[in-house]
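So the structure is just underneath, and the comments pick up after that.
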Amino acid sequence: WGNILASQTTATSRKFQDLDASLLADLRLLQNDCNDLSKVLEAIASKRSQHPEVDDKELQARRDFVVTVQKNAEEMLNRISSTEVRAAIENQRQQAANDPGSRARAAVNDNEAFLRNQQMRQQQLVRQQNGYG
């Protein structure tokens, strides 16, 4: 993500746009998962007698892991959602919108991606009809 941001025009890079959206969504999901895990760990801590297989050391190790993952996810999310990064992406988008050549390249890339997708779908349908998928 960072390499693409630094080396390419993000406005015309479908790969970057897909990666950016996926990364944001995945980091938000990771934060939700960590919150859920924290609740589970607290429930285990409050009912220790029901979970004799989890000792204090194990419980603390799991808490530490969740905290570390939460911090890392938050740092990454803050970086990719930062005002500076979003402004740079928007600036590139505006520049590309004003560049007729850039719009033409984007259209060609979109068309090629559409055709590849349609070809894959056709191949999948043929495999299904032939009983291979």
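For a straight C-alpha distance cut-off of 24 angstrom, the lysines reachable from Lys71 (same-chain residues fewer than eight places away being disregarded) are Lys39, Lys57. Cα centroids of segment 58-92 and segment 1-15: 20 Å apart.
As a check on your grasp of the helix formula, calculate [θ] at 222 nm for the chain: sum -39500 (n - 2.57) over DSSP H runs of n ≥ 4, divide by the residue count, round to the nearest 500.
Details: 5 runs with 109 residues, N = 133.
Calculated mean residue ellipticity at 222 nm is -28500 deg cm²/dmol.
For the peptides 65-75, 109-119, 9-19, residues were scored by their other Cβ atoms within 10 Å and the scores averaged per peptide; the highest-first order is 9-19, 65-75, 109-119.
Work out the length of the dipole vector of the chain about its Cα centre, built from +1 on the beta-carbon of each Lys and Arg and -1 on the beta-carbon of each Asp and Glu, and round it to the nearest 20 debye.
Working: 18 positive and 18 negative charges, 96 e Å.
So the magnitude is around 460 debye.
Surface analysis of segment 1-98 yields an accessible area of 69 Å² per residue, using protein heavy atoms and a 1.4 Å probe. Dipole orientation for the chain: of the candidates Val108, Leu30, Ala73, Val108 has the Cα lying most toward the positive pole (charges on Cβ; Lys, Arg +1; Asp, Glu -1). Between Leu41, Leu23, Leu77, the Gaussian network model of the chain with springs among Cα atoms under 10 angstrom shows the greatest mean-square fluctuation at Leu41. Of the options [x] 2, 11, 20, 26, 22, 11, 5, 2, 1, 0; [y] 2, 8, 14, 17, 20, 17, 13, 7, 2, 1, 0; [z] 2, 9, 12, 12, 10, 10, 10, 9, 9, 8, 6, 3, 1, 0, only one is P(r) over Cα pairs in 5 Å bins from 0, in percent as computed from these coordinates, and that is [z].
The values are calculated or read from the model by the stated rules, or taken from the named source; none is laboratory data. Treat the numbers as computed from the prediction; the structure is a model and nothing was measured. Every residue, glycine among them, receives a Cβ derived from its backbone with ideal geometry; neighbour counts consider all protein chains shown. Heads up: the accessible areas ignore ligands, DNA and RNA and are worked out on the full protein's heavy atoms, side chains in. Shrake-Rupley method; radii C 1.70, N 1.55, O 1.52, S 1.80 Å.
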